[in-house]
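A.B. asks: The structure is given below, and queries will be raised subsequently.
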Amino acid sequence: MHVTGLQCVHCSRTYSTEEVDYFCPACGYHEGILDVLYDYEAARQELNAETLAGNREFAMWRYLPLLPVARRELIPHLQVGWTPLYETEKLAAELGTARCWVKDEGRNPTASFKDRASAVGVVKALEKKVAEITCASTGNAASSLAGFAAALGIPATIFVPARAPEAKVAQLLVYGARVFSVQGTYDEAWELCMKASAEFGWYNRNCAVNPYLIEGKKTVSLELAEQFARLKPGSFPDWVAVSVGDGCTIGGVWKGLKEMHQLGILPRLPRILGVQAEGCQPLVTAWREQRGLIACEARTLADSIAVGHPRNFAKGMRAITESGGAFIAVSDEEILESITILARKAGVFGEPAGVAGVAGVKRAVAAGIISRKESAALIMTGNGLKDILSAIRAAGRAVTIKPGIEEVREAICATAAG
Ligand SMILES: *Cc1c(COP(=O)(O)O)cnc(C)c1O
């Protein structure tokens, strides 16, 4: 393991990994988010173009020299990462970009991007020898943690807001987690989970306070960089678009890109497009008005990004300012429309937060933020089966008929006329 320490993003103090587990004790968990530091020279000896070319492990663990995992034997058996990257011309034409790729993170074991973080979280819990693990989640981090805890036999207690979609809650119950549906918002569930973790000594998988989880999330970018290098050495899209809730995903995306750039595998850094929902856009507002965070209410059907108080504001903001990118907000109507656009143009079925990036790129092209000569990669963060009600709202219901061929003929005429 090449981790050299932890650094507070607020006060820049550094700590050893034995000193602290979660956040900077001087700044507290609202601001004292920690970043994991590495010895990149040492990592480069083990992770470079040559070693990657010969590496036959097609999962996120192929980047182990850049992960905070000391004991390889604790890695769960579930296959995470090395998700497909599709180029889609029809989607590019629809969105107005020169070229367009979709990275389908719905293909992970519990069907969302969160698996990259949970996989690291459970290993760290075992390394710390804690008996139980917990998280608060809008849904996907919860179902993901439940799956990985089940795979390793660690009991998990999970706090979800009452509004979490049924499919996600069903998923966690099936995996055997103890689930508390909190009568309140995600932000309230989150605070309750923090208290319970401290009270009962459970390992805390909340991404913003646990610095190691973002390390798992960054592997999506390590992969993106390598996948593009394999397609055509030296190539990479101008933009990477991803939806933003707490800001951990986008923070991880940016860190991974910077690391691949530093290792010489990524020729140049792209700009990042962070996409939020109009009904919950605290990062967009703070970026546009150049001020600090003001928490807001969360009014959007995209439950995975319905986060009024983003816990990783600092890392989320840094991804956009450092990359010269942009934040953009899209309406729930645009998000619903993007479910069918992505499915019909690219054959990929996403949940609302998963497809928000599609709506974001479309808007960014219309607004002149992304030019028509530029290319974009979209990180599709969650599978569409996670939220069936939104899918039905986007695509409608089936035509009901009696089992006769005449009925079919009439129905075809009726639908063609309508
Ligand atoms: C969690 C999640 C996001 C946003 O990630 P943050 O780290 O909260 O910004 C986006 N899409 C899906 C499907 C998610 O589950």
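A.B. asks: Test Arg393 against the stated conditions and say whether it is among the charged types (D, E, K, R) and at pLDDT 95 or above. Spell out how you get there, then give the answer.
C.D. replies: Values: among the charged types (D, E, K, R): yes; at pLDDT 95 or above: yes.
The answer is yes for Arg393.
A.B. asks: Considering every residue within region 338-357, establish whether at least one is assigned to a helix (DSSP H, G or I), touching a residue at least 40 places away in the same chain (Cβ under 8 Å), within 22 Å of Ala225 (Cα to Cα) and touching a Leu at 6+ places or on another chain (Cβ under 6 Å).
C.D. replies: Yes: region 338-357 contains one or more residues that are assigned to a helix (DSSP H, G or I), touching a residue at least 40 places away in the same chain (Cβ under 8 Å), within 22 Å of Ala225 (Cα to Cα) and touching a Leu at 6+ places or on another chain (Cβ under 6 Å).
A.B. asks: For region 342-368, which residues satisfy the criterion of being in contact with a Lys or Arg (Cβ under 8 Å, 6 or more places away or on another chain) and more than 16 Å from the ligand (Cβ to nearest atom)?
C.D. replies: Lys345, Ala346, Val365
A.B. asks: Do you know which residues across region 394-414 are closer than 30 Å to Leu301 by Cβ and either touching a His at 6+ places or on another chain (Cβ under 6 Å) or loosely packed, with under 10 Cβ neighbours inside 10 Å (or both)?
C.D. replies: Correct list: Gly396, Arg397, Ala398, Thr400.
One line per residue, one yes/no per condition, for (1) within 30 Å of Ala125 (Cα to Cα); (2) more than 11 Å from the ligand (Cβ to nearest atom); (3) surrounded by 24 or more Cβ atoms within 10 Å (Cβ to Cβ):
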| position | (1), (2), (3) |
| --- | --- |
| Asn210 | yes, yes, yes |
| Ala229 | no, yes, no |
| Val242 | yes, no, yes |
| Trp254 | yes, yes, yes |
| Gly274 | no, no, yes |
| Ala286 | no, yes, no |
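A.B. asks: Specify the residue that is nearest to the ligand (Cβ to nearest atom); the eligible residues are those in region 215-227 that are closer than 17 Å to Asn140 by Cβ and either at pLDDT below 95 or not β-branched (Val, Ile, Thr) (or both).
C.D. replies: So the residue we want is Lys217.
A.B. asks: Might you check whether a residue that is within 17 Å of Ala167 (Cα to Cα) and polar (S, T, N, Q) occurs anywhere in region 363-377?
C.D. replies: Among the residues of region 363-377, not one is within 17 Å of Ala167 (Cα to Cα) and polar (S, T, N, Q), which makes the answer no.
A.B. asks: Can you tell me which residue is nearest to the ligand (Cβ to nearest atom) among those in region 304-321 that are in a helix (DSSP H, G or I), in contact with a strand residue (DSSP E or B) (Cβ under 8 Å, 6 or more places away or on another chain) and not aliphatic (A, V, I, L, M)?
C.D. replies: Ser304
A.B. asks: I would also like to ask the following. If Met260 satisfies all but one of (1) more than 16 Å from the ligand (Cβ to nearest atom); (2) surrounded by 24 or more Cβ atoms within 10 Å (Cβ to Cβ); (3) in contact (Cβ under 8 Å) with a residue 60 or more places away in the chain, what's the number of the condition it fails?
C.D. replies: (3)
A.B. asks: Which one of these is at pLDDT 95 or above and touching a Phe, Trp or Tyr at 6+ places or on another chain (Cβ under 9 Å): Gly279, Gly256?
C.D. replies: Gly256
The values are calculated or read from the model by the stated rules, or taken from the named source; none is laboratory data. Computed from a prediction, not measured in an experiment: that's the story for all the values here. Reconstructed Cβ throughout: ideal geometry from the backbone, glycine too, with neighbour counts over all protein chains shown.
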